[in-house]
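Here, each number is a calculation from the coordinates, and none is a lab measurement. Computed from a predicted model, the values in this text were never measured in an experiment. Cβ atoms come from the backbone with ideal geometry, glycine included; neighbour counts cover every protein chain shown.
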Amino acid sequence: MTTASICTIGDEILIGQIVDTNSSVISQELGRIGVRVREMISVGDIKDEIAQTIENELKKNNIVIVTGGLGPTKDDVTKSVLYDLSGSSGYVMNEEQLDIIHQILSSRGLDVMEINRRQASVPENCRVIPNRLGTAPVMSVRFPREKFGHEAVLYSMPGVPFETKGALPDVMSDIMDIFALSAITHRTVMTYGIAESALAEKISEWEDALPGNIRLAYLPDPLKGVALRLSVYENEGRKSAPELIEEQLWTLRSVLKDDIYSENGETLQEVVGKLLRTKGKTVSTAESCTGGLIASLLTSVPGASDYYLGSVVSYAVSVKENVLGVPAEIIAKCGVVSSECVAAMAEGVRKLTGSDYSVATSGVAGPGGGSESTPVGLVWVGVSSAAETKTMKFNFRNDRLRNIERFAGSALDGLRRFIKGGVR
């Protein structure tokens, strides 16, 4: 199988000044065309270390993709490394990239300086893939088989994420021209409401019985739940990879039942949206501790206006009482973090907006504000329709941000189960 390594260059990554999103995007595209990513590495702005890292990765992999270090300033040294690795004896001006530089700077009302022109100057043994969104071109070097004992190609891409993403189609096309690739098949099953450790225990017999060419990965996320990714990297049997995975899903469905909310990697908000659209129903939200996150998630789905009516972020007691109509006696007797309060909130926003369904949250995100009866991490979720209102209680032990995400995810999952008729 064709394998790859992704190397990100820059001290700013190592000190945490910026987050490396390039590796994730590149890895997804490589997997899509049938290349298996074996390693992701970050290296600082030290020429010798960059050179040694790239050479080591080329010895182990067919493809090495490097991002960063191609800017016009003195700390950008990747091009110099490529010069040495490619065995170049000089630089040449790439006129196509130079034209792009002129167009970009002219559109910004800027003059083209010599420092800008130098970005279009490339080592003579490097092949150029023009970067149409920025000033630094993509450069590639193909090495003879005898160099590393296998086919090997190096790509150097700009570090700016939107430029990297824009150039990836051309890079992927180039890779497909060089290597005979076999497809990698992934299928992602999404679960919610069961912790990763409990999930692993529940499906242990199923996992142990998986065929040797199917690999399973657990991918937990507070908003999405635990994803189970089934992957077939190499398949020489009579059945196709999708057929092999589908066979395994038959058994998994009977084990996990409604804990599975998607078999194709969809988010909870996407699944809830599909349920509402299919039924021709609408929903509204009343949020306290989640501060509008549920509304944001629901409206992040294209076409959400078909089923989402609106939200009341009732953070203050006065808003709960005066806007949502939560009776003052409920708050006085039961408190705002209670089954009774979220039930009244859910019913209040449903009646206020005229929606068919509603979901409400009230909890303690922390780090302060907790008590013995309402500890940090406690949340009540209420779901309501004209026929009934139900509430659910969850306890988490995380920091504020993670608690809020888990509150929102649990609310969406509770809404999903309620719409389907299966609230626990």
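Couple of notes before you dig in:
- Assigned charges on the beta-carbon of Lys, Arg, Asp, Glu; the chain dipole about Cα centre (debye): 1280
- Scaled against the 2.2 N^0.38 Å expected of a compact globular protein of N residues, the Cα radius of gyration of the chain reads 1.23.
- Under 15 Å of direct C-alpha separation, and excluding same-chain neighbours fewer than eight residues apart, LYS333 reaches these aspartates and glutamates: GLU321.
- Placing unit charges on each Cβ (+1 for Lys and Arg, -1 for Asp and Glu) gives the chain a dipole about its Cα centre, and among TYR308, GLN103, SER384 the Cα reaching farthest toward its positive end belongs to SER384.
- Residue-span extension gain [ALA198 to ILE18] - 0.36 nm each, minus C-alpha spacing: 61.3 nm
- The P(r) of segment 3-178 has a tail past 24 Å containing 32 percent of all C-alpha pairs.
- Charge dipole (debye, nearest 20) of segment 200-325; +1 at Cβ of Lys and Arg, -1 at Cβ of Asp and Glu: 460
- Along its principal axes, segment 268-420 has C-alpha extents of 43, 31, 22 angstrom, given from the largest down.
- Ranked by the mean number of other Cβ atoms within 10 Å of their residues, highest first, the peptides 349-358, 34-43, 195-204 come out as 349-358, 34-43, 195-204.
- The length gained on full extension between SER173 and ASN56, counted as 0.36 nm times the residue separation minus their Cα-Cα distance, comes to 39.6 nm.
- Residue pairs, from the table LYS202/LYS390; LYS202/LYS224; LYS281/LYS390; LYS224/LYS257; LYS274/LYS320; LYS274/LYS390, whose Cα atoms sit over 25 Å apart: LYS202/LYS390; LYS274/LYS320
- On Cα atoms only, tilt of 22-33 relative to the major axis of the chain in degrees: 80
- Counting only DSSP beta bridges with both residues in segment 3-178, the antiparallel share comes to about 40 percent.
- Fully extending the segment from GLU96 to LYS74 would add 5.5 nm, taking 0.36 nm per residue of separation and subtracting the current Cα-Cα distance.
- Residues LEU219 and PHE162, FRET efficiency given R0 of 25 Å [Cβ-Cβ distance, rounded to 0.05]: 0.45
- Projecting the Cα atoms of GLY149, LEU412, THR2 onto the charge dipole of the chain (Cβ charges, centred on the Cα centre) puts LEU412 farthest toward the positive pole.
- Check: segment 284-424 dipole with +1 on Lys, Arg Cβ and -1 on Asp, Glu Cβ, in debye: 340
- Cβ crowding within 10 Å, taken as a proxy for footprinting-reagent exposure, orders PHE396, PHE162 from fewest neighbours to most as PHE162, PHE396.
- In whole angstrom, segment 336-424 maps to an equivalent ellipsoid with semi-axes of 23, 13, 10, each derived as √(5λ) from the alpha carbon gyration tensor and ordered largest first.
- For segment 241-278 and segment 20-88, distance of Cα centres in Å: 37
- Bridging of LYS239 to aspartates and glutamates at a Cα separation below 18 Å is possible for GLU247, once same-chain residues fewer than 8 apart are set aside.
- Projecting the Cα atoms of VAL112, TRP206, VAL64 onto the dipole axis of the chain, where Lys and Arg carry +1 and Asp and Glu carry -1 at the beta carbon, places TRP206 farthest toward the positive end.
- Counting other Cβ atoms within 10 Å as a rough exposure proxy, the listed residues TRP206, TRP380 run TRP206, TRP380 from fewest neighbours to most.
- Binned Cα-Cα distance frequencies in segment 270-337 - 10 Å width, integer %: 21, 41, 26, 12, 0
- log₁₀ of I(q)/I(0) at q = 0.11, 0.13, 0.26 Å⁻¹ - segment 185-262, Debye sum with one point per alpha carbon: -0.26, -0.37, -1.35
- If you run the Gaussian network model on the chain, springs between alpha carbon atoms under 10 Å, then out of ALA183, ALA365, ALA332 the most flexible one is ALA332.
- Fewest-first ranking of ILE15, ILE404, using other Cβ atoms within 10 Å as the exposure measure: ILE15, ILE404
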